[in-house]
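J.: Pasting in a structure now, in structure tokens, and then I'll have a few things to ask.
FYI, it's all coordinate maths here, none of it is from the lab. The structure presented is a predicted model; accordingly, all values stated were derived computationally and were not measured. Note that each Cβ is placed from the backbone with ideal geometry, even for glycine, and that neighbours are counted across all protein chains shown.
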Amino acid sequence: MARSFLDSTYDLTDPQDVKAHYDKWAASYDAEIMENGYALPRRAAEALASLGLSPDVAILDVGCGTGLSAVAFAKAGFSLFDGVDVSADMMAVAEKRAIYRNLTLTEPGAPLPEGAYDVIAGVGVLGHGAAPPELIDLMVDALKPGMLLLYSLNDKALADPGYASKVAANKARADLVLRLEEHGDHLPGIGLKSTVYVFEKT
């Protein structure tokens, strides 16, 4: 039996291979990921909602993919989302949802807009077969005082010193306050869990 797109995701390391992989996966991504019980978007949205944010906060969805995170944010009561992604085909699916204010195609390693949002969210975008640890630095660089940073790392990524060291560095910064850290389901269908982090820039 042929390997699924999900099976082969965690083998990828080259950014261009990752981009091509998600372009090919776009049409069947939602079905395959939801078959495996993808719980992270709901968990991320609930994490933000638990912090008592206004429903009209502006959220930048980094690595927005097909828009599953924005759907979860909307269900949690939020209403204003912009998305960026490196995959044009994934973003074309997100555009059909008509839920984002703006969608922007970007390149791996490109800087993010600084200070334009209340929340920068990277939901399921960091890890093996996805974005490298350096994306965490790019998200932190885009923060201004009062802004929140939400990102997730699955257990495979947290076992990698490259990703784990970024979390440790964020926790050690005097200008970042850890508001939430929660471990829970990621993809129950393959027995994978993840941790959601929320930091506030002071």
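J.: How do the peptides 123-132, 110-119 rank, highest first, by the average count of neighbouring beta carbon atoms within 10 Å per residue? Numbers along the way, then the final one.
T.: Numbers: 123-132: 21.8, 110-119: 14.9.
Ranked from most to least packed, the peptides come out as 123-132, 110-119.
J.: Under a crude label model (7 Å from the Cα following the beta-carbon direction), how far is residue 171 from residue 49 in nanometres?
T.: Between residue 171 and residue 49, the label points sit 2.8 nm apart.
J.: Could you size up the charge dipole of the range 5-201 around its Cα centre, putting +1 on the beta carbon of Lys and Arg and -1 on that of Asp and Glu, and report it in debye to the nearest 20?
T.: 500
J.: What is the antiparallel percent of DSSP beta bridges lying wholly in the chain, to the nearest 5?
T.: 50
J.: Can you give me the Kirkwood hydrodynamic radius for the range 1-120, using every pair of distinct Cα atoms, in Å to one decimal?
T.: 15.1
J.: Another question, then. Test of understanding: what is the full-extension gain from residue 104 to residue 202, defined as 0.36 nm times their sequence separation minus their Cα-Cα distance? Don't skip to the end; give the middle numbers.
T.: Values: separation 98, 0.36 × 98 = 35.28 nm, distance 2.77 nm.
Separation in residues times 0.36 nm, less the Cα-Cα distance, equals 32.5 nm.
J.: Students often forget the sequence filter, so: which aspartates and glutamates lie under 16 Å Cα-Cα from residue 166 once same-chain residues fewer than 8 apart are removed?
T.: 134, 137, 141, 155, 175, 181, 200
J.: Sorted by packing (mean other beta-carbon atoms within 10 Å per residue), highest first, where do 51-58, 154-161 land? Walk me through the intermediate numbers first.
T.: Details: 51-58: 12.8, 154-161: 15.5.
Peptide ranking by packing, descending: 154-161, 51-58.
J.: Put a dot 7 Å past each Cα toward the Cβ at residue 180 and residue 138; how far apart are the dots in nm?
T.: 2.4
J.: Which three semi-axes in whole Å describe the equivalent ellipsoid of the range 22-91, each the square root of 5 times a Cα gyration tensor eigenvalue, listed largest first?
T.: Details: eigenvalues 104, 43, 11 Å².
That gives 23, 15, 8 Å for the three semi-axes.
J.: Show me 29-39, 81-91, 64-74 ranked by packing, highest mean number of other Cβ atoms within 10 Å first.
T.: So the order, starting with the most tightly packed, is 64-74, 81-91, 29-39.
J.: Can you tell me, using C-alpha contacts under 8 Å and at least 6 residues apart, the relative contact order of the chain as a whole percent?
T.: The normalised contact order for the chain reaches 22 percent.
J.: In addition: Distance check, please: which entries in 24/201; 75/193; 96/171; 24/171 exceed 32 angstrom between their Cα atoms?
T.: In this structure, 24/201; 96/171; 24/171 lie more than 32 Å apart at Cα.
J.: Taking volume of the Cα convex hull per residue in Å³ straight from the coordinates, which label in (i) 122; (ii) 154; (iii) 107 is the correct one?
T.: For volume of the Cα convex hull per residue in Å³, the calculated option is (iii).
J.: Based solely on its DSSP helices, what 222 nm [θ] is calculated for the chain when runs of n ≥ 4 H residues each add -39,500 (n - 2.57) and the sum is averaged over all residues, nearest 500 deg cm²/dmol? The partial results should precede the final answer.
T.: On the way: 9 runs with 74 residues, N = 202.
So the calculated ellipticity at 222 nm is -10000 deg cm²/dmol.
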